[in-house]
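Presented below is the structure to which this report refers.
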Amino acid sequence: MITGRCLCGEARYRSPGPTLFAIVCHCRDCQRASGSGGVPVMGVSRGPFASEGPIKQVRTRGGSGHPAVRHICAQCGSLLFGTPESAPDLVTIYAGSLDDPTLFVPGEAIFVGQRPPWARLAADLVEHVALPAQTG
Ligand SMILES: [Zn+2]
Ligand SMILES: [Zn+2]
């Protein structure tokens, strides 16, 4: 079981898995939403995904150009997960909110064309200037 929570602990989520993909997104939206150089996200199936607590939805146009919804704790503001409207079967968990952060094993980095030089990760990831061709 994949579980996670926000900083204050009021908002939680869980997914039976499996992890469908694990990437670091360096788009400007993720930078602004997180206050960092990118956001580590892992995809899981939306059907069995469950969340509880005071979760607020913030809707913006995502890096794909389609509307993206970020779910944050209404109380403490932690980013928890996203539900991209371009992929209705998918939930993208923000890896920093995982109860066990080692469950996140990134393989690729996307939107590295928008990544600031200081945000390159030590991990050796396959890099895409924007989106990989097969998912764009
Ligand atoms: Zn919270
Ligand atoms: Zn992004």
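The values are calculated or read from the model by the stated rules, or taken from the named source; none is laboratory data. Remember, predicted model here, so these are calculated numbers, not experimental data. So basically every Cβ, Gly included, is an ideal-geometry build from the backbone, and we count neighbours across all protein chains shown.
Residue-by-condition table, conditions (1) touching a Cys at 6+ places or on another chain (Cβ under 9 Å); (2) under 28 Å from residue 117 (Cα atoms):
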position: 26; (1), (2): no, yes
position: 41; (1), (2): yes, yes
position: 57; (1), (2): no, no
position: 100; (1), (2): no, no
position: 103; (1), (2): no, yes
* To do: Of the numbered conditions (1) at pLDDT below 95; (2) under 28 Å from residue 1 (Cα atoms), residue 99 fails exactly one; give the number of that condition.
  => (1)
* Tell me which of these residue 59 doesn't satisfy, since it passes every other one: (1) of a type in the set (Lys, Arg); (2) part of a strand (DSSP E or B); (3) within 14 Å of ligand 2 (Cβ to nearest atom). => (3)
* Asked: If we scan region 47-70, do we find a residue that is of a type in the set (A, V, I, L, M, F, W, C), surrounded by fewer than 19 Cβ atoms within 10 Å (Cβ to Cβ) and touching a residue at least 60 places away in the same chain (Cβ under 8 Å)?
  -> no
* Can you give me the number of residues within region 1-59 that are within 16 Å of ligand 1 (Cβ to nearest atom) and either hydrophobic (A, V, I, L, M, F, W, C) or closer than 20 Å to residue 127 by Cα (or both)? => 7
* Asked: Identify, please: which residue in region 74-131 is among the charged types (D, E, K, R) and over 29 Å from residue 8 (Cβ atoms) and is, among those, surrounded by the most Cβ atoms within 10 Å (Cβ to Cβ)?
  -> 115
* To do: Identify, from the list 122, 95, the residue that is of a type outside the set (S, T, N, Q) and within 24 Å of residue 57 (Cα to Cα).
  => 95
* Is region 13-22 home to any residue that is within 16 Å of ligand 2 (Cβ to nearest atom) and either surrounded by 14 or more Cβ atoms within 10 Å (Cβ to Cβ) or modelled with pLDDT under 95 (or both)? -> yes
* Any chance residue 25 is within 16 Å of ligand 2 (Cβ to nearest atom) and in contact (Cβ under 8 Å) with a residue 12 or more places away in the chain -> yes
* Asked: Of everything in region 71-101 that's farther than 16 Å from residue 44 by Cβ and not in a loop (DSSP other than H, G, I, E, B), which residue is farthest from the chain's Cα centre (by Cα)?
  -> 73
